[in-house]
Every structure is written in C-alpha cells, then in structure tokens.
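Engineer: This is the structure I want to talk about, given as structure tokens.
The values are calculated or read from the model by the stated rules, or taken from the named source; none is laboratory data. Source: prediction; values computed, not measured. Quick reminder, even Gly has a Cβ in these numbers, built from the backbone with ideal geometry, and neighbours come from all protein chains shown.
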Amino acid sequence: MEDRIYKLWEESGFFNPDNLPKLANGKERTKPYCIIMPPPNANEVLHLGHALMTTLEDILIRYRRLQGDATLWLPGADHAGFETQVVFEKKLEKEGRSRFQFDRETLYQMIWDYVQENKDVARNQLKRLGASCDWSRNKFTLDKDIVRIVYQTFEKLCKDGLIYRGPRIINWCPKHQTGLSDLEVKYEDREDKLWYIKYPIVELKNPPPVSFDASRGGQSSLRGGSKNSSPPLGGVRGDFDYIEVATTRPETMLGDTAVAVSPKDKRYKKLVGQRALLPLMNREISIVADSAVEMEFGTGAVKVTPAHDATDFEIGQRHNLESISVIGRNDKMTAAAGAVYAGLPIAEARKKIVEDLEAQGFLMKEEPYRHSVGVCYKCGRVIEPLVSEQWFVKIKPLAERAVKAVKKGEVKFISAKYEKIFQHWMANIRDWNISRQIVWGIRLPVWYCLASPDSTQQDEKSCYVISDQKPKKCPKCGATEFVQETDTFDTWFSSGQWPFATLQTTNAGDFEKFYPTAVMETGWDILFFWVARMIMMGFYATGQKPFSQVYMHGLIRDKDKKKMSKSKGNVVNPLAVVDENGADALRMALVFNAASDSDLPFNEDKVVAQKRFANKIWNAARFSLSNLAGFNPENIKPKFTAADKQILKDLGEVIKKVTKDLDSFNFHEAAQSAYHFFWHQFCDKCIEDVKKRIKEPRSELDKTTAQYVLWKVLGDSLKLLHPFMPFITEAIYQEMPYKLHQALIVETWPAE
RNA sequence: GGGCGCUUAGCUCAGUUGGUUAGAGCGUCGCAUUUACACUGCGAAGGUCUGAGGUUCGAGCCCUCAAGCGCCCACCA
C-alpha cells in the first residue's frame, strides 16, 4: 500500500513547489515555505534519529502544503569528510589494508566509489518513511556547483582578511593523522601521574646534584598547596637554587622554552625575568609571568612547552617564546628531542625521561593524579597537541552578527534553552581550524608558488594564489609553477553554507523565492557544529539569515534511556520497524509521546499502539465508506441532531487545537489531540450513533444528515491526521466518494 | 571551575499565560460484545505532582533553599 501511495505522490509532482495545483479558491500558492533537509551522510544507513528528523520535517511540510503554501523540502546527501573516511578506513583495516598504502587520487576514487554504492540507500529509506521532499532538487555536497560556491565563500573570506594560515597548535589525532577542531575532541577522566621536577636557576653556575628523596624534596607546602607558605625549596639566604614545576607529561619538557608563574604570585616575584636551566637538555629558558597560571595549582610554577600544549602555545605567543616540536606526527620523539630520545615512542620516552631525571636528581616526587584527557571522538586515542600549519577563520566578526540576529529574534530558537546554550558558546568562540589532513573532502583552492620551476620543495609556503584552477602566474611573486594544497576543508565549512549553496544551485529563482528558509530542524547535538555555523556563514555570504526559526529535536534513546550505539547493540533499524508496523505507526509513535525537543526513549510498544490506531482508522473508514457509496454533499440541507451538533463542535475544537499546536511546534500535543478525537469521539460516539440511524433510518433526511456528518468528520479527520500518518490517510482519501482534489496531499487544511 | 535541564500513576511521558474532581499511551483488574474494528467497547484500581519553606483568595505551574539524576561548555599544568 505504502509503495503505491508514494508512487502516486511522486508521479503527481506535488513534492515540487512548481507543480503544486492552485488553491481551492482558484488562487495561486504565493507564500513560500522552505525547509532544507539536514543531509544524511551519503554512505550511511538511516537510524531512528533520521526517522525522527524526517517525521518532524515532513509533518511541517505537509501541514504547510495543506495550508496552501508553496512548499519546498530540499533533500541532499553529505560527503561527511572525516566521518566517511573513518568508516572507509575501518573497512580497509578489516581487509588488512591501510589508507596510507594509497596515493591521494587512488584513495579519493576508492571512497568515491564506495559512497556511490551506498548513495541510493538513504534516499530509498527516506521514501519508505514517506518524506515528501522534492527529489528533483536533490543535492550532494560534492556537486561541482556546490563546490564552486564553497570556493567563492573561501575567496571572499580571504579578501576580507578573515582567513589566516599559520603555525598554530592543533588537536592532532595520531591514528587518523589529521588535525581536528576543538569540537571533535572529547574529554575522558584518566588516572595519571603528576611529576614534580626542579629546574635549576641559572645564576648558580653548577647546581649541586641532589639525590631523589621525597621526604626532603617534597615539601609540605607543595602537597597542601597553602597559599601563604614560602616558595618551594627556597634556597639558602633567600635566594632560589631552583624552581619546581609539576607536569603530567614529562616527555614534553624537552621542548620547554620557559617556566611561567602567576603575575600575582609574590613567592616567585624575584624570579620573573631570570633564567632557568632545562634539565637533560642543558638549555637556558626564561621565567615569565603570565595570568594563565593558577598560583594554587601544583607548585604555582608551570613548564611552558609552546609546541605541545594549547595554553603553553598562547603563553608562548604572549612572551615571544620559541616553539620546539619534540613530538612528531607519528607519535614519536623528533630529532629536536635530542639524540638520546629521538625516535622513541612517547610512552618509552616518558619512562626514560623520568628515570633520567631521577638519576640526575631533578625529580622531586610523583603522585597519582586524576584529570581529563582529550581524545579523538572517533577512535578514542589521546589527542596530541601539535604545532602545525593550518588554515583558520577569524570567527569573531562572523559570530557578532549571529549573536545579534538571535538576540533580536531575527533567528528564533523555538526552545529558549537552546538559545541560551547557543549564546554562551558564541560568546566564548575561538578561531576555527578549517583544514583537515584527509583526502575525502573539498580540497582547498590554494596554490603555493614554487620559487623556481625545478624546485619541488614546498616548505616555503609564504606565497600562494587562491584559485579553483591551477593559476598561470602568481600576481604577487611572478611564479609560474605551483603546487596545490593537499588539505581539505572541514566538512562543516561547506555544510555551514548548505542553505544558500543548495538554493543557489537548484532552479533559477529558487534562492530569491525560498531564502531565507522557514525552519531549520535538526538534532541538538549539532547545534555548534552546524546550526551556529550556518547562521554565521549565511549572514556573511548572503547578508541575510539562512532561516527564521530553529527547531532542535532530542536524541532517540533506547528504552532504558541509553544512547543508541552500534557497540552497545541497541540500535534500532527504522526500516525493520516500518516493515513490521508500517511507516505511519512509526512516525506517529516518534512524535506522540513526548515533547520532541528533549531526548526520547524509544520503545517498540509505542509503535504497536500506533499500529492499532492505524487499524482503527482503517476500520472506521471501511465502515464509513461502505455507507457513503455515491454520496454527494452538494445540495444537501442536513438537519442536525444534538449529537451531530456536538461532534461538529468537537471537530471544530480539535481543528483549532491541532492548528495551534502545529504552528507552535507542539507536535506531540497535536498528535494526541487528533488521536483522541478520532478514536474516542468520532469512533466511539459518532459512528455508533450514526450506525443506528443509517441501519434503521427515522427519516430519509435523518439518514442523509447522518451520512453528511460521517463524510464531514471523516474527511476533516483525514486532513488533520495526514501530516502525521500520510499513507493511510491518503489511501482512504482516494476511496472517498466525493473529493475536491486529486490527492489528500494537496487538499485544504480544514477550518474550524 | 562555569552553565543548562530533569524529578507528576507500575513504566514512558503530557500538563500552553497559576483557576473546579491532575491527563495520555502501555501495563493491571472486572464486565460486555462476534462487531466497521478482539489491533474492540464500557468501566475500575492506581498519584501527599522529589523534599522544606515562601508569595497568593488559590500553586504541579511563580520565588528561595535542599536532595537525587542527567547533559553541555572550559587553556587545572
């Protein structure tokens, strides 16, 4: 049944706003209403979250279509750069292969082919769920015209001075060999150790070796952290022999270029500006005062490794410190770590350094320490902060516009709670690293100038040209030979442009007609990743907001409120549920129970309940239709009984309520009202009453009146239920004896 | 360290600006009917709305505090 109905809709062309019929009053549909679908990953099998998204958006679209709007629901697919590449890498690993065996072009082609294989999966799944989106406007994030727009935006950002490239500390995932944005790093509590190391003050030419002795070295002031105690290990006659630092990562000390203390810390005042000698490396480093240092923590003095810690990097910038990378991208110590340690994996280097420090008397003590560690959100490997050349967007100017728009209500969050979260994040936003060292994505349109044609060296990347094609000559340096940047954009950089990029590349006039779009409906988990960026980039690129309203739905959890994940094995395949109970039942179950802006536990019982409802609808319709053969409401002057008047009044009220609730995104209330009315007022009372009057009519007029009531209430109920349960309502509508339109999907929303 | 949210029937949750006897789905119990529909109908049991205090003629809803649970953000070495 469902396939047949979907085909009927598709063939009618009613998913396409250009093909929608005129309104019942003969007027054109003038009011545009557009939702851009959050594009599912192109290689992905849909999960219940997608089913919820599809249901909510389809409800809105179908409701607005019935209201007479020119509705466009624009579907698409996302290449999902890093996500997809990770999936593909896993597949390679299973086959005993590795991404690093392939050159760039081969790997890209392999992933491309892989995605093509799965391309139609999601699309067919969406159809099974009843999504009334316009497939003729389907877009893919790697379509050439989309890529062109992404390039245009990048160029504009460059021209406006909002893009910079430079060595910055980034979150490096050693497994995936790419930098990640701050949002892609998750934090886990780990049991670790805190090592206390002393760095001799340089004035003492030959610091006397001190043997490792915790009882002597670890002073009570360090353990207790008392603010008023004297500085750790103050030397004889009030001078310092050394300064003591605490660290969880002793191996990074090889790259230390300073020791920092709080500017407010009186204990160390004398030392600021002096120099310390870095143990093991015998390198002199400076002692600086920086407000990033908490005087209460540890010894109040911190070793500064600009190359391997984000905070230290910033301290380094403020004090012009040198940045020495002692850990490489391969998780091993570099040559800069010194001959003794170069080439060692991090863990071994750490072990050896602690041993050496202890042997040489620099290790004061070690203590267990619990703290949070950044890990890759995909593989869980500890993130290695590294300094690397990356591309950044200066985000503050973009953020300011977005913050203002939301504050003024230009862009309205349906749930105020998400607006708060949004504003809080925007207020603390940091520059956005948009380059990724992966191949699956949109390659940066950057061409580095080669100094001389015969040179293949590309480490002098000081001059480059922004162009989507290989440039002929650099206008700045005159170079004629170039090498293209190998980095690709963060997927969200292109996704952030999705609302305008899609509408600018579909039919002519679409952008003018449908932008800004009406609603952005998506899961709250991508508020920062996506919604915030769309608002920022929409304003930046088009001067307009990308959408007027934001509705964020919750996560679907399992019946024990646990997050669904493949590893837990509690993932529900929506299509299996559809096969078992029908798409209508699943859709209704997803919106019926709870407000969909908070997380929803999923339970198959809920679907079964709605399957029963569908059955009830079916049977009520069967009864009604069998008693309405040849019925025509025209030229009937019904004489209503008290019961008739009551049900018509109730019908008016439920129409009013459902309309109001759909206008305010109260999907569950709208669903419950329609459900309750249909079952307990129409079926239980009205049909029972009408049944008798048709079987044993008191008069011919009473019989036609009863038929009229049946026809009217059933017809309007179908319209009310259609956004939620489109298949069964359309199937019944097609059997109705008297209908004004070709299909229910383009009927007129009932008036109270 | 900051911020947000939740706590209502056995379970999952509604309850829109404070206004009679606090609702739904599922589950439980009793009765009825072979019916458009047993994927049914009628009815019943089941709640000191987390706790304490306050505002009010009136509080599940507003305010304060407390407890439990959950989530988000953050540069604690």
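Engineer: How many residues does the range A:655-664 hold that are within 11 Å of RNA strand B (Cβ to nearest atom) and buried (at least 18 other Cβ atoms within 10 Å of the Cβ)?
Structural biologist: 2
Engineer: Also: Only one of (1) under 30 Å from A:LYS563 (Cα atoms); (2) at pLDDT 90 or above; (3) more than 8 Å from RNA strand B (Cβ to nearest atom); (4) not β-branched (Val, Ile, Thr) is not met by A:PHE602, so which one is it?
Structural biologist: Checking A:PHE602 against (1) under 30 Å from A:LYS563 (Cα atoms); (2) at pLDDT 90 or above; (3) more than 8 Å from RNA strand B (Cβ to nearest atom); (4) not β-branched (Val, Ile, Thr), the one that fails is (2).
Engineer: If you don't mind, there's one more thing I want to ask. Output the residues belonging to the range A:5-19 that are within 22 Å of A:GLY582 (Cβ to Cβ) and without any contact (Cβ under 8 Å) to a residue 12 or more places away in the chain.
Structural biologist: Once the filter is applied, which keeps residues that are within 22 Å of A:GLY582 (Cβ to Cβ) and without any contact (Cβ under 8 Å) to a residue 12 or more places away in the chain, the range A:5-19 yields A:LYS7, A:GLU11.
Engineer: Which of the residues belonging to the range A:266-279 are surrounded by fewer than 21 Cβ atoms within 10 Å (Cβ to Cβ) and either within 14 Å of RNA strand B (Cβ to nearest atom) or assigned to a strand (DSSP E or B) (or both)?
Structural biologist: A:ARG275, A:LEU277
Engineer: Go through the range A:624-654 residue by residue and tally those that are over 15 Å from A:LYS703 (Cα atoms) and either near RNA strand B (Cβ under 8 Å from one of its atoms) or among the small types (Gly, Ala, Ser) (or both).
Structural biologist: Adding up the residues that qualify gives 1.
Engineer: Oh, and also: Give the residue, chosen from A:SER673, A:SER664, that is within 30 Å of A:ALA518 (Cβ to Cβ), among the small types (Gly, Ala, Ser) and touching a helix residue (DSSP H, G or I) at 6+ places or on another chain (Cβ under 8 Å).
Structural biologist: Only one candidate passes the filter, namely A:SER673.
Engineer: Another one. Tell me, please, whether a residue that is more than 14 Å from A:ILE163 (Cα to Cα), in a strand (DSSP E or B) and of a type in the set (Val, Ile, Thr) can be found in the range A:380-387. Steps first, please.
Structural biologist: Kept after step one, since they are more than 14 Å from A:ILE163 (Cα to Cα), are these residues of the range A:380-387: A:380-387.
Okay, now just the ones that are also in a strand (DSSP E or B), so A:382, A:384-387.
Filter once more, keeping what is of a type in the set (Val, Ile, Thr): A:382, A:387.
For the range A:380-387, residues more than 14 Å from A:ILE163 (Cα to Cα), in a strand (DSSP E or B) and of a type in the set (Val, Ile, Thr): present.
Engineer: Also, I was wondering about something else. Just need a number here: residues in the range A:485-510 that are closer than 22 Å to A:ILE438 by Cβ and surrounded by 16 or more Cβ atoms within 10 Å (Cβ to Cβ).
Structural biologist: So the count comes out to 14.
Engineer: Identify, please: which residue in the range A:177-187 is more than 10 Å from RNA strand B (Cβ to nearest atom) and assigned to a strand (DSSP E or B) and is, among those, surrounded by the most Cβ atoms within 10 Å (Cβ to Cβ)?
Structural biologist: In the first step, residues of the range A:177-187 are kept if they are more than 10 Å from RNA strand B (Cβ to nearest atom); the result is A:177-180.
Those still in the list that are assigned to a strand (DSSP E or B) too: A:178-180.
On the way: A:THR178: 23, A:GLY179: 26, A:LEU180: 22.
Checked the range A:177-187; the qualifying residue surrounded by the most Cβ atoms within 10 Å (Cβ to Cβ) is A:GLY179.
Matching residues to (1) in a helix (DSSP H, G or I); (2) away from RNA strand B (no atom under 15 Å from the Cβ); (3) within 35 Å of the chain's Cα centre (by Cα); (4) closer than 30 Å to A:VAL531 by Cα:
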site: A:ALA339; (1), (2), (3), (4): no, yes, no, no
site: A:GLY343; (1), (2), (3), (4): no, yes, no, no
site: A:LYS352; (1), (2), (3), (4): yes, yes, no, no
site: A:GLU358; (1), (2), (3), (4): yes, yes, no, no
site: A:VAL375; (1), (2), (3), (4): no, no, yes, yes
site: A:GLU410; (1), (2), (3), (4): no, yes, yes, yes
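Engineer: State yes or no: is A:ALA310 small (Gly, Ala, Ser), within 40 Å of the chain's Cα centre (by Cα) and either closer than 26 Å to A:TRP172 by Cα or surrounded by fewer than 17 Cβ atoms within 10 Å (Cβ to Cβ) (or both)?
Structural biologist: Here the answer is yes, as A:ALA310 does meet what is asked.
Engineer: On to the next question. Going through the range A:313-337 one residue at a time, which ones are closer than 14 Å to A:THR252 by Cβ, under 37 Å from the mean Cα position of the chain (by Cα) and in a helix (DSSP H, G or I)?
Structural biologist: Once the filter is applied, which keeps residues that are closer than 14 Å to A:THR252 by Cβ, under 37 Å from the mean Cα position of the chain (by Cα) and in a helix (DSSP H, G or I), the range A:313-337 yields A:PHE313, A:ILE315, A:GLY316.
Engineer: Let me ask something else. Pairs needed: first member in the range A:408-427, touching a residue at least 60 places away in the same chain (Cβ under 8 Å); second member anywhere, near RNA strand B (Cβ under 9 Å from one of its atoms) and among the basic types (Lys, Arg); C-beta distance under 9 Å; at least 6 residues apart or different chains.
Structural biologist: These pairs meet every condition: A:PHE413/A:LYS420.
Engineer: Given A:PRO306, A:PRO397, which one is touching a residue at least 24 places away in the same chain (Cβ under 8 Å) and within 14 Å of RNA strand B (Cβ to nearest atom)? Explain how you work it out, then say what you get.
Structural biologist: Numbers: A:PRO397 fails: within 14 Å of RNA strand B (Cβ to nearest atom).
Exactly one of A:PRO306, A:PRO397 is touching a residue at least 24 places away in the same chain (Cβ under 8 Å) and within 14 Å of RNA strand B (Cβ to nearest atom), namely A:PRO306.
Engineer: Another question, if that's okay. Please pick out the residue among A:ALA585, A:ALA629 that is small (Gly, Ala, Ser) and at pLDDT below 90.
Structural biologist: Exactly one residue qualifies, and that residue is A:ALA629.
Residues checked against (1) near RNA strand B (Cβ under 8 Å from one of its atoms); (2) modelled with pLDDT under 90; (3) in contact with a Leu (Cβ under 8 Å, 6 or more places away or on another chain); (4) not small (Gly, Ala, Ser):
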position	(1), (2), (3), (4)
A:ALA289	no, no, no, no
A:PHE297	yes, yes, no, yes
A:GLY300	yes, yes, no, no
A:ASN320	no, no, no, yes
A:ASN330	no, yes, no, yes
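Engineer: Would you confirm whether any residue within the range A:614-629 is among the β-branched types (Val, Ile, Thr) and surrounded by fewer than 15 Cβ atoms within 10 Å (Cβ to Cβ)?
Structural biologist: No; the residues of the range A:614-629 include none that is among the β-branched types (Val, Ile, Thr) and surrounded by fewer than 15 Cβ atoms within 10 Å (Cβ to Cβ).
Engineer: Filter the range A:313-327 down to residues that are in contact with a Gly (Cβ under 9 Å, 6 or more places away or on another chain) and either under 28 Å from A:HIS176 (Cβ atoms) or surrounded by 23 or more Cβ atoms within 10 Å (Cβ to Cβ) (or both), then give me how many there are.
Structural biologist: Qualifying residue count, the range A:313-327: 5.
Engineer: In the set A:ALA335, A:ALA292, A:ALA342, which member is more than 16 Å from A:TRP172 (Cβ to Cβ), free of Cβ contacts under 8 Å to residues at least 60 places away in the same chain, surrounded by fewer than 23 Cβ atoms within 10 Å (Cβ to Cβ) and out of contact with any strand residue (DSSP E or B) (no Cβ under 8 Å at 6 or more places or on another chain)? Working first, answer last.
Structural biologist: Values: A:ALA292 fails: out of contact with any strand residue (DSSP E or B) (no Cβ under 8 Å at 6 or more places or on another chain); A:ALA342 fails: out of contact with any strand residue (DSSP E or B) (no Cβ under 8 Å at 6 or more places or on another chain).
Of A:ALA335, A:ALA292, A:ALA342, the one residue that is more than 16 Å from A:TRP172 (Cβ to Cβ), free of Cβ contacts under 8 Å to residues at least 60 places away in the same chain, surrounded by fewer than 23 Cβ atoms within 10 Å (Cβ to Cβ) and out of contact with any strand residue (DSSP E or B) (no Cβ under 8 Å at 6 or more places or on another chain) is A:ALA335.
Residue-by-condition table, conditions (1) outside any loop (DSSP other than H, G, I, E, B); (2) more than 17 Å from A:GLY338 (Cα to Cα); (3) within 11 Å of RNA strand B (Cβ to nearest atom):
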| site | (1), (2), (3) |
| --- | --- |
| A:GLU244 | yes, yes, yes |
| A:VAL259 | yes, yes, yes |
| A:LYS264 | no, yes, no |
| A:MET281 | no, no, no |
| A:ALA292 | no, yes, yes |
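Engineer: Right, another one. Need pairs with beta-carbon distance below 7 Å; first residue at pLDDT below 90 and within the range A:102-121, second surrounded by fewer than 17 Cβ atoms within 10 Å (Cβ to Cβ) and not in a helix (DSSP H, G or I); sequence gap 6+ or separate chains.
Structural biologist: Qualifying pairs under 7 Å: A:VAL121/A:VAL45.
Engineer: Take residues that are closer than 30 Å to A:CYS133 by Cα and of a type outside the set (A, V, I, L, M) and tell me which of the helices (runs of 4 or more DSSP H) falling wholly in the range A:680-752 contain 2 or more.
Structural biologist: Working: elements: A:688-695, A:700-721, A:726-733.
Output list reads A:700-721, A:726-733.
Engineer: Then there is this: Is there any pair with a first residue in the range A:611-625 that is more than 17 Å from A:ALA671 (Cβ to Cβ) and a second that is near RNA strand B (Cβ under 6 Å from one of its atoms) and part of a helix (DSSP H, G or I) whose Cβ atoms are under 8 Å apart and which are 6 or more apart or on different chains, and what are they?
Structural biologist: That search, which allows pairs on different chains as well, returns A:ALA620/A:CYS683; A:ALA620/A:ILE687; A:PHE623/A:ILE687; A:PHE623/A:LYS691; A:SER624/A:ILE687.
Engineer: Counting residues that are more than 30 Å from A:PRO174 (Cα to Cα), which helices (runs of 4 or more DSSP H) fully inside the range A:1-112 reach at least 1?
Structural biologist: A:2-12, A:48-66
Engineer: Does A:LEU590 meet the test of being under 30 Å from A:VAL411 (Cα atoms), within 11 Å of RNA strand B (Cβ to nearest atom), in contact (Cβ under 8 Å) with a residue 24 or more places away in the chain and surrounded by 15 or more Cβ atoms within 10 Å (Cβ to Cβ)?
Structural biologist: no
Engineer: Could you please find all residues in the range A:528-567 being without any contact (Cβ under 8 Å) to a residue 12 or more places away in the chain and more than 13 Å from RNA strand B (Cβ to nearest atom)?
Structural biologist: The answer is A:GLY543, A:LYS566, A:SER567.
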